[in-house]
1. How about region 691-761: which trypsin sites (Lys or Arg not before Pro) there lie in a loop by DSSP and see at most 13 other Cβ atoms within 10 Å?
2. Hey, what's the Cα Rg ratio for region 320-414 versus the globular rule of thumb, 2.2 N^0.38 Å?
3. Between region 103-121 and region 643-657, what is the separation of their alpha carbon centroids in Å?
4. Would you give the gap between the C-alpha center of region 333-356 and the C-alpha center of region 579-636, rounded to a whole Å?
5. When the convex hull of the C-alpha atoms of region 192-236 is computed, what volume per residue in Å³ does it have?
6. Separation of region 38-54 and region 211-245 by C-alpha centroid, Å?
7. Filter the GluC sites (Glu not before Pro) in region 186-249 down to the DSSP loop ones having no more than 15 other Cβ atoms within 10 Å, then list what survives.
8. Grab the Cα-Cα distance for Ser367 and Arg599, subtract it from 0.36 nm times how many residues apart they are, and report the gain in nm with one decimal.
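Read the figures in this text as sums done on the coordinates, not as results from a lab. In this text, all values refer to a predicted model and were calculated from it rather than measured experimentally. Neighbour counts run over all protein chains shown; Cβ positions are idealised from the backbone, glycine included.
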Amino acid sequence: MTDSVGDFGFPFPPYKIQEDFMKSLYEVIEERLIGIFESPTGTGKTLSLLCGALTWLHNNEEQLKRDLRTKVNDVQLTIEQEEKKPSSGGDWIESQYATIKLKEDLMLQKKMLDLILEHDKKIQAMRERKRKEVHEKRKWRSLVKKEPHRVESDGEDHPEEIPDGTEDFLLEEIYADKEPSEEEPPTDEHKCTKIFFCSRTHSQLAQVLEEIRKTKFAKNTRIVSLASRQNFCVNDEVRGLKSAALINEKCLDLQRNRSKVTSIEGGKALKKKRGRGCEFLRENTIENLRDSILSDITDIEEIIQMGQGEKSCPYYASRAAISDAQLVLLPYQMIFHGRTRDQMGINLKDSVIIVDEAHNLLDTISSIYCAEIDLEQLKEAQNQLTAYRERYVKKFSTKNLLKLNQLIFVVGRLVKMFPEVSKDTHRIILSHQLMSEGEFFNINLYELLNFCENTRLAQKVQGFSMNFGGKKLKDDQKEKTATQILLEKLESDGNKKKRGKKVEINQAAEQEESEAERKNTPSVIRPVLAFLERLTEDISDGRILLTWEPKPRMKYLLLKPDAHFSRILSECRALVVAGGTMQPTNELKEHIFSREIPRIREYIFDHVVPENSVLPLIVPRGPAGKALRLDFASRSSKESLMAIGMALQNLCNVVPAGIVVFLSSYDYLNAVFQHLDECGVLGRIRARKKVFREPRQGGRIEGILSEYSDAATKGGGAIMFSVVGGKLSEGLNFSDDLGRCVVVVGLPFPNKTNPELIEKMKHCDTILRPGAGNDYYENLCMKAVNQCIGRAVRHINDYASVILLDERYAQERISRKLPGWIRRSLKEAPNFGAVQSVLVKFFREKRTGI
């Protein structure tokens with residue numbers, strides 16, 4: 001444990017809560033615990049996480065070397081003492097045996113120490129080499145910009161190879177190579193301890209890098225940012241594809257550029273042509289880019305730029321950097337999804353995992369392991385697979401044909417799970433019930449999925465469907481060769497020429513557009529395989545939802561993700577989950593950490609702002625004196641809508657600058673907006689403040705926020721109507737005049753008739769305790785409310801009021817789930833007049849400083 005604040009390397013004198021945060025974090029990691037940290041937004045949470053964790057990391061590395069040196073010296077001293085002892089009879093044999101064991105231990109400790117020192121030398125040499133290259137690279141890049149772009153040619157023309165519709169789509173008899181994975185480092189190479197820092201989005205991870213740059217750790221910490229192929233790809237041919245699945249398949253296709261054997265026909269092996277491969281996937285350039293990543297702090301955009309400049313693949317270079325990195329930044333999916341983690345070569349053994357912005361961790365993990373497919377997709381998959389089989393039935397090996405028939409059978413049985421006429425709107429069943437009712441319980445789905453992965457069935461069927469439209473072929477078409485198909489196409493094109501040049505041009509344009517659309521059409525086979533993969537999991541907490549509304553579909557639901565999370569907890573040294581609004585924390589302990597309760601430590605920190613800088617008020621009555629109970633049944637009544645409108649109008653009269661109002665949904669926002677407009681309240685509000693509302697389309701957010709910012713800070717003020725759980729309720733900063741008042745209208749409970757929610761609540765009551773389902777239901781609501789509240793008061797000199805517009809906020813079971821920094825000064829207003837008077841006093845004191 002560190003003894004002084006300076007040991008943490010904080011870039012400026014920390015507040016008391018920041019100091020306590022870092023000390024607690026250090027203790028959690030040192031003691032191999034699970035830490036739940038709540039620190040309100042604006043308290044320097046991310047910087048505290050980084051400084052506390054990186055301090056432990058560097059201290060741990062130095063301590064490991066000191067311990068090894070001490071142990072080597074102690075063992076050497078013991079050996080010398082044993083050798084000096086007088087030898088006689090049986091004592092001599094025991095003494096020699098003890099000495100041999102000590103020498104073996106000495107050799108082991110020396111080897112461990114030597115590996116660490118050699119690794120340190122290797123990293124130091126790499127960094128020095130890269131620093132020397134920086135100047136030369138900059139000079140070279142400046143010359144490239146000045147000179148015309150030249151493309152080196154090998155003298156041969158390499159047109160893109162388009163599948164000809166015959167053997168290119170055949171399943172391979174010898175299974176195709178799996179996706180390249182990072183090999184485990186040799187046993188005689190030092191494996192450095194790592195910190196995996198996770199967040200929801202890449203933009204949040206980019207902010208983490210900016211925080212690191214402020215600290216002393218920027219100079220001596222090896223950092224790598226991980227992302228998907230879709231984010232990292234620099235190959236124009238690949239990154240232009242719209243679907244992430246298509247990008248992954250195309251990338252793997254370009255890597256498989258050697259000849260491969262397909263099925264055997266008449267004793268003759270059919271082979272594919274050798275492709276060009278990806279020009280960015282070269283071992284020497286990838287190693288060079290890897291060293292560049294580890295030598296300096298680089299975000300995703302900078303890695304992409306380096307990859308383009310060095311003609312190297314950023315995706316595989318960043319993966320190659322994992323083994324030598326000390327801090328790995330990555331999105332949730334890459335660490336929480338077991339298969340993705342394995343494919344990326346991520347080893348969690350004795351590592352530290354930090355999950356930032358973890359307020360929705362439970363829902364995030366559950367959604368990662370969900371899989372959904374609708375009846376239309378199943379039917380299309382069935383058609384494509386059947387047409388594919390008919391086209392190549394005489395060329396498949398017996399084994400491949402058997403597996404393909406099994407898949408077609410399974411898909412057909414899933415289609416029959418949806419009768420044309422059903423009395424039910426939905427059904428919830430277990431995985432084994434689905435397989436039993438579907439009559440495919442005797443098929444080994446694990447083997448079938450391996451077959452699909454190894455033969456790249458999804459990609460082959462998709463390529464086939466793009467060329468033939470996935471339609472069943474007539475008998476006289478089944479044996480047509482690629483040449484015959486091409487000749488028929490040419491003949492058809494010749495006939496079209498007679499229609500005139502203009503028609504020909506239009507048709508060519510339409511054909512190009514259709515071709516581009518087909519190439520960017522996601523596969524329907526992949527969702528089927530993803531769903532079947534969920535059925536292979538032996539987890540009692542999984543359910544299958546079959547629903548007919550709004551369209552027939554089936555969905556795998558993971559009701560309690562602790563089984564998936566237990567592997568992570570068993571491998572890592574320590575886990576830290578942190579957020580600005582982590583309460584209520586009981587659901588994390590019950591749903592995710594239930595198998596590791598003794599390791600859990602909770603730390604709830606106060607806000608850095610003084611208590612008198614936040615004015616939270618529960619408003620149980622509207623301006624007319626009637627109770628405000630804005631539940632689903634009454635919130636849309638004329639009385640409720642008028643009460644909301646009058647309350648907002650009065651708030652606009654006394655609150656300066658910007659007001660942000662949160663309503664439960666986009667539909668309710670539109671209903672409130674329409675009523676306020678029709679009754680004239682909106683016009684009166686516009687007389688005081690400029691009015692904005694959050695759009696459904698994310699592309700318009702930036703422009704609206706810019707206009708709102710100008711109106712709130714430079715104009716006479718502004719009011720923003722937003723949606724709980726929408727784009728403005730998480731991650732955005734309404735500091736200072738952008739958010740002098742946050743208003744939450746009602747309690748945004750989710751739809752209790754949702755079949756998924758019903759099953760989840762029932763499962764909680766059964767597995768955890770009676771009433772746990774209702775707790776989960778309330779927690780969904782209160783987590784969303786807490787996120788809205790956290791948009792304001794973003795730094796120590798900020799101030800704002802928080803208005804909770806509903807009498808139910810006064811209930812103890814609701815108010816106790818609000819953030820601690822809100823509860824400490826929360827008051828219930830006796831009437832709306834008191835709300836106005838206390839707001840006037842609050843803002844007058846803040847403006848005058850009296």
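1. Listed in order of number, the matching sites are Arg696, Lys714, Lys752.
2. 1.64
3. 70 Å
4. When both Cα centres are located, 30 Å separates them.
5. 115 Å³
6. 23 Å
7. The qualifying sites are Glu189.
8. Once the chain is fully extended between Ser367 and Arg599, it gains 81.0 nm.
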